[in-house]
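S.K.: Take this structure first; my questions come after.
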Amino acid sequence: MPSPESSTPASEAASSANGRWLGRLRGAGPGPTVVIVAGMHGNEPAGLAAIREVFGGLTGRESRLRGELVALAGNLTAIARGVRYVDVDLNRLWTEAKVERLDRAGPRSIEEGEQLGLLEALRSIARQAAGPLHLIDLHTSSADGPPFLTVGDTLRNRNWALGLPLPILLGIEEQIDGALLEFAGNRGALTLGVEAGRHDRRSSVERHCAVLWLALSRAGSIGEADLPDLERQKSTLVEASRGVPHVVEVRRRHAIVPEDEITRIPGGRLCL
């Protein structure tokens, strides 16, 4: 039975992410390198809590893990303050031009400093990876809504995501410039974005955990027989997305400008 809804305090997330490296486990045998990133936006604590729970479930059971599992925090400064970002959105800085300028001239804002730290960590992991590199980016939203996955539309990414019982949103990467997943995908990583629900819901943590366990199995990091309560993990996601089409394609995105005279509805949703 799902646990009742309860808040996940931002302060808890900040204490979980007092360093960039949240966890690193090496398995007993060869396999993929799976990198989980949470806290790209500092007001999204559920992904950080889920990482703690999944790593807790694996600690001491490394013999069942293949390859390597790494977890990284994104925007440490924003996490500590409990805000989406301080100067600019960290998940809009990953264009080729912006990364090249960062490498050449260094950071000019708090988020560019965070980007440089995350970039160095990802490059270090990629250099050491002995198997295929996978990247999972965990997010939540400012209002209630069904969970879904986002993928760069390649056959490899589709194959990974289609094994998970959640709706897949295609085409969003073509509408948003500078997302981390597109940057990593252009460098050969298999990528998966997760929107688990509202920022402060316990259900968002549970959905992230379920996605992580099942995605690790799909990637070849762990066998299904070694997953904790496999059927419950699947049921968590099936029930959360009941009635939503399995695949949705974004064909057009309208960026709001002042001339639109948009009034924000309380509880309105922001994502990714």
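S.K.: Between Ser63 and Arg26, 0.36 nm times their residue separation minus their Cα-Cα distance comes to what?
M.R.: Gain on stretching Ser63 to Arg26: 12.4 nm.
S.K.: Another one. Could you give the spread of the C-alpha atoms of the range 84-201 along their three principal axes, from largest to smallest, in whole angstroms?
M.R.: 43, 36, 24
S.K.: Related question: So if I take the alpha carbon set of the chain, get Rg, then get Rh from the Kirkwood formula, what is the Rg over Rh ratio?
M.R.: My calculation of the ratio gives 0.94.
S.K.: What does the helix-only formula give at 222 nm for the chain: each DSSP H stretch with n ≥ 4 adding -39500 (n - 2.57), the total divided by the residues, and the result rounded to the nearest 500 deg cm²/dmol?
M.R.: Value at 222 nm, helices only: -11000 deg cm²/dmol.
S.K.: Arranged from highest to lowest average of other beta-carbon atoms within 10 Å per residue, in what order do the peptides 53-60, 40-47 appear?
M.R.: 40-47, 53-60
S.K.: Related question: Between Thr154 and Arg123, what FRET efficiency comes out of the Förster formula 1/(1 + (r/R0)^6) with R0 = 25 Å and r the beta carbon distance, rounded to 0.05?
M.R.: 0.70
S.K.: Something else about it: If I take R0 = 30 Å and measure r between the Cβ atoms of Ala97 and Ala130 in this structure, what FRET efficiency does the formula 1/(1 + (r/R0)^6) give, to the nearest 0.05?
M.R.: 0.45
S.K.: A further question on this structure: For the chain, what does the relative contact order come out to in percent, with C-alpha contacts under 8 Å and a separation of six or more?
M.R.: Relative contact order comes out at 24 percent.
S.K.: Which residues among the range 84-108 fall inside the zone where the amide N is under 17 Å from a point 7 Å beyond the Cα of Asp177, along Cα→Cβ?
M.R.: 88-102
S.K.: If you don't mind, another one. Once you've got the GNM for the chain with C-alpha springs shorter than 10 Å, pick whichever of Arg158, Arg127, Arg84 has the biggest mean-square fluctuation.
M.R.: The residue with the greatest mean-square fluctuation here is Arg127.
S.K.: Membrane-span-like helices in the chain: DSSP H runs reaching 27 Å or more (Cα, own axis), mean Kyte hydropathy at least 1.0?
M.R.: Span-like helices here: none at all.
Read-outs throughout are calculated quantities, based only on the coordinates presented, and are distinct from any laboratory measurement. Here the structure is a predicted model, which is why all the values come from computation and not from measurement. Glycine gets a Cβ as well: all are built from the backbone with ideal geometry, and neighbour counts include every protein chain shown.
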